[in-house]
Amino acid sequence: MAQMNMIQALNSAMDVTMARDPSVVVMGEDVGYFGGVFRVTDGLQRKYGEHRVLDSPISEGGIVATAIGMAVNGLKPVAEIQFADYIYPAVDQIASELARLRYRSAGDFTSPVVIRAPCGGGIRGGQTHSQSPEAIFTHICGVKVVMPSNPYDAKGLLIAAIEDEDPIIFFEPKRIYNGPFDGDPNKPAVPWSTHPKGDVPEGHYKVPIGKSEIVRPGGAVTIVTYGTMVYVCEAAARKLNIDAEIIDVRTMSPLDIDPICSSVKKTGRCVIAHEATRFCGFGAELSASIQEECFWYLEAPIQRVAGWDTPYPHAFEWEYFPGQARVALALRAAMGDEQQ
Amino acid sequence: MPRLHVPQPPTRPGDKPDFSYVALSPAGVIPKPEVQARSRDMEDVAHGLVRVLDDRHEAVGQWNPQLDAEDLQVGLRHMLLTRIFDDRMQRTQRQGKISFYMRSYGEEAVAVAAAMALQPGDMLFPSYRQQGIYMVRGKPLVELMCQLLSNTRDMCKGRQLPVMYHWNAGRIFSISGNLTTQFPQAVGWAMAAAIRNEDHIAATWIGEGSSAEADFHHGLLFAAVHQAPVIMNIVNNQWAISTFQGTAGGEQRSFAARGPGYGVPGIRVDGNDFLAVYGVTQWAAQRARTGGGPTLIELVTYRASAHSTSDDPSRYRPKEDYEHWPLGDPVERLKNHLIARGEWSEKQHKELHAELDAHVVASWKEAVSFGALNEGPRLDRHLMFEDVYKDFPDNLRRQSEQLAEEIKLNAELGLAAPKE
Ligand SMILES: Cc1ncc(C[n+]2csc(CCOP(=O)(O)OP(=O)(O)O)c2C)c(N)n1
Ligand SMILES: [Mg+2]
């Protein structure tokens, strides 16, 4: 075991898989010599050479398109999109090609590309360095969508993604690259070394794609969340002294709905939380799926916590970000009379 | 056997700076084509380097725009103001007053000379590194600073990162954080000008790194097909964050040479030569205005500063690179030319510097009186819900009300409420 932050854990995942499998290649803007603007690919080019760690031209569409071609010819490309906010020029290649190649060729061709993209706000990045576009991609059939919330999962899920035979969009909540964040920007930053999930095996291991995890067991209400919001929800539940069961979705698509529904059936109450915009956000799918299965068990309407239905405003970052107060309002609404 | 080529910058940290890869031409040698020349008859201007100022600080050759001393002094003033403004704003970022900044140090001529060669009615679609165009068009510094501060007078109402200005009245388009999007948009604007029989043209700027985006090709294609009255500038400052210009495809041919492939004239120009940039822009503007269609201009320059305040270039290029850049410094070169003409002196230059610096300092003092991101008066937070649409839909009204409730709850949870 080693202490790793999320950046180191992701780096280690690529390192481990590149060492085992010569077909794994890394590409993206500034990822090579420089090691990436968040340093996630630091040192990989020095170790594996310039033919396996490529500095790409600034062309997200080109990056994904060539990654597809490489995958068709036997490579395992791990492509970085510098910020999730810059993935849109690649959306045609993702939606029309990457996601459907297996289906349209009846399995004759596949393109198991991994696209890594730092996402989410809380770093004063303004509207073009803060977005959480996961729901745009969960709506596309044929790509898997993953978002880890800690170093241990980040490494295990990225290795699993690289070894998966389907294309995967791997979102990395950059606010928690260096430590868990409970939504309070005025508190000093906490490093991952203080958190059990900062203990990461140095070698190869996988965290299964398509599996959620109960990160905090509880009986009063089920909180379904992922990414940075895991920690915000934990803090809010603690402050309200509510015995919440917190489930980290980890893979948004395909969705591991059964453990979520079991939990909701047990607690009878549910709050869903994500950083992305509320309207047609991934929470809408969660809410609908949970309601379909758990309607007769619900004691109160399912509550959603999300970013507002606006772009991410630079100066109002903390008013936009779904912090503990927004989670607390939803928890109270879900608890209804129980709380009072 | 095929072998994957990986472009290599000539130098890395620790190496001696080496710019031998930059193809140079002596000043004055590149002939100036007729304004209506066919693109295919002028392909050599895409490979040479149009230069007007020679080593003796004299203006030579056909591209010399023959400006009088007064215009040149105005140009010098705008460039110097841009530099001082950048420098001061960079320092305020270091002091934590603004969250982020991007300088145009070393590239002042690219923006200033081009904007001066255009007419006030022409529409500009810049990237984040053409601060000089606001100086030329007379945007009050206080207004730029208030945007950087995200304060109560912020033109973007707190919604944008610093530097992402906009100025419709001054005919400067809103800057996007997404690279290259403005390039084909400028072409569309120019097509509309042609459709509406207007006399105005459009000009747009992207970095050489940004020319890799598909939008670059969309822009050239539509410009060529419709012969749109637009000037398309590629600012080749050699670097795109950590990747050198070869990563964007600059190794095999010049960026300007992409124009002729589309049937668009391409001109490669010394971007640190105020007179050359002016002359080339003037030529392209005249061509566009008289129905000759688009021009692609590559401005060869050097990004003398870090990419942004979040970047540390000593990780990927030699520290002393800029001192060896063969095209010198645009401010110094114009200054030396004016001095050589007997129209300027070191003393005047010093005085101008002091005057502009005082102006920047006074403007800053005024700007901060309207607040800053983390101190003083703040914008009304409910502004964040406006302008998503023209009207205010119900979901946003509800969310805006919920925000007020949340803020009340903060105290109960032991959290600091966001500042009013
Ligand atoms: C679509 C998109 N992809 C990536 C980025 C991140 N990014 C911002 S600036 C930049 C480098 C741009 O270099 P260049 O075009 O040469 O302009 P310069 O900064 O040198 O002026 C990158 C990669 C972005 N803003 N938008
Ligand atoms: Mg550049």
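The values are calculated or read from the model by the stated rules, or taken from the named source; none is laboratory data. These numbers were taken from a predicted model, which means no experiment stands behind them. With ideal geometry, Cβ positions are generated from the backbone for all residues, glycine too; neighbour counts draw on all protein chains shown. To get the accessible areas, we keep the full protein, side chains included, count just its heavy atoms, and leave off ligands, DNA and RNA. Shrake-Rupley method; radii C 1.70, N 1.55, O 1.52, S 1.80 Å.
Applying a threshold of 6 Å to beta carbon distances and a minimum spacing of six or more residues, or different chains, the list of pairs starting in the stretch B:203-214 at a residue that is on the phi < 0 side of the Ramachandran plot and ending at one that is part of a helix (DSSP H, G or I) and within 11 Å of ligand 2 (Cβ to nearest atom) reads B:Glu208/B:Gln245; B:Glu208/B:Ala248; B:Gly209/B:Ala248; B:Ser211/B:Ala248; B:Ala212/B:Ala248.
Please find, among A:Ser287, A:Ser253, the residue that is away from chain B (no Cβ under 14 Å) and out of contact with any helix residue (DSSP H, G or I) (no Cβ under 8 Å at 6 or more places or on another chain). Full working, then the answer.
Values: A:Ser253 fails: out of contact with any helix residue (DSSP H, G or I) (no Cβ under 8 Å at 6 or more places or on another chain).
Result: A:Ser287 is the single residue among A:Ser287, A:Ser253 that is away from chain B (no Cβ under 14 Å) and out of contact with any helix residue (DSSP H, G or I) (no Cβ under 8 Å at 6 or more places or on another chain).
Checked against (1) without any contact (Cβ under 8 Å) to a residue 24 or more places away in the chain; (2) within 30 Å of B:Arg12 (Cα to Cα), B:Val331 meets all criteria but (1). Within the stretch B:214-237, not a single residue is away from ligand 1 (no atom under 16 Å from the Cβ), modelled with pLDDT under 95 and assigned to a loop (DSSP other than H, G, I, E, B).
Residues B:Met155, B:Met191: which one is more than 16 Å from ligand 2 (Cβ to nearest atom), in contact with a strand residue (DSSP E or B) (Cβ under 9 Å, 6 or more places away or on another chain) and within 13 Å of chain A (Cβ to nearest Cβ)? Only one candidate passes the filter, namely B:Met155. Select from the stretch B:302-348 the residues that are away from chain A (no Cβ under 14 Å), in a helix (DSSP H, G or I) and among the charged types (D, E, K, R) and list them in ascending order. B:Asp321, B:Glu323, B:Glu332, B:Arg333, B:Lys335, B:Glu346, B:Lys347, listed by residue number. Just one of A:Ala325, A:Ala300, A:Ala334 is within 13 Å of chain B (Cβ to nearest Cβ) and either within 22 Å of the chain's Cα centre (by Cα) or farther than 14 Å from B:Leu383 by Cα (or both); which is it? Just one listed residue meets the conditions, A:Ala325.
Residues that are at the interface with another protein chain (Cβ under 8 Å from one of its Cβ atoms) and either over 30 Å from B:Ser254 (Cβ atoms) or surrounded by fewer than 24 Cβ atoms within 10 Å (Cβ to Cβ) (or both) within the stretch B:194-215 comprise B:Ala214, B:Asp215, listed in sequence order. When the criteria are applied in full, A:Thr17 meets the requirement of being open to solvent by less than 40 Å² (accessible area, probe 1.4 Å) and either among the β-branched types (Val, Ile, Thr) or closer than 30 Å to B:Gly207 by Cα (or both). State yes or no: is B:Ala240 away from chain A (no Cβ under 14 Å), within 16 Å of ligand 1 (Cβ to nearest atom) and within 20 Å of the chain's Cα centre (by Cα)? The answer is no for B:Ala240.
Quick check, is A:Val53 open to solvent by less than 20 Å² (accessible area, probe 1.4 Å) and at pLDDT 95 or above? Criteria met by A:Val53. Exactly one residue out of B:Gly177, B:Gly219 is out of contact with any Leu (no Cβ under 7 Å at 6 or more places or on another chain) and either under 22 Å from B:Thr301 (Cα atoms) or within 14 Å of chain A (Cβ to nearest Cβ) (or both): that is B:Gly219.
Selection of the stretch A:85-110 for residues being away from every other protein chain (no Cβ under 13 Å) and surrounded by 24 or more Cβ atoms within 10 Å (Cβ to Cβ) yields A:Ile94, A:Leu98. Among the residues examined, A:Asp21 qualifies as of a type in the set (D, E, K, R) and more than 10 Å from chain B (Cβ to nearest Cβ).
Listed here are the residues, each with its yes/no results for (1) surrounded by 24 or more Cβ atoms within 10 Å (Cβ to Cβ); (2) more than 27 Å from A:Glu202 (Cα to Cα); (3) away from chain B (no Cβ under 14 Å).
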{"position": "A:Ile115", "(1), (2), (3)": "yes, no, yes"}
{"position": "A:Cys119", "(1), (2), (3)": "yes, no, yes"}
{"position": "A:Gly125", "(1), (2), (3)": "yes, yes, no"}
{"position": "A:Pro151", "(1), (2), (3)": "yes, no, yes"}
{"position": "A:Lys155", "(1), (2), (3)": "yes, no, yes"}
{"position": "A:Glu165", "(1), (2), (3)": "no, no, yes"}
{"position": "A:Glu172", "(1), (2), (3)": "yes, no, yes"}
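Condition check ((1) under 23 Å from A:Pro311 (Cα atoms); (2) touching a residue at least 12 places away in the same chain (Cβ under 8 Å); (3) within 11 Å of chain A (Cβ to nearest Cβ)) across all residues:
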| residue | (1), (2), (3) |
| --- | --- |
| B:Lys350 | no, no, no |
| B:Asp357 | no, yes, no |
| B:Val360 | no, yes, no |
| B:Ser369 | no, no, no |
| B:Asn374 | yes, yes, yes |
| B:Arg378 | yes, yes, yes |
| B:Met384 | yes, yes, yes |
| B:Val388 | yes, no, yes |
| B:Leu396 | yes, no, yes |
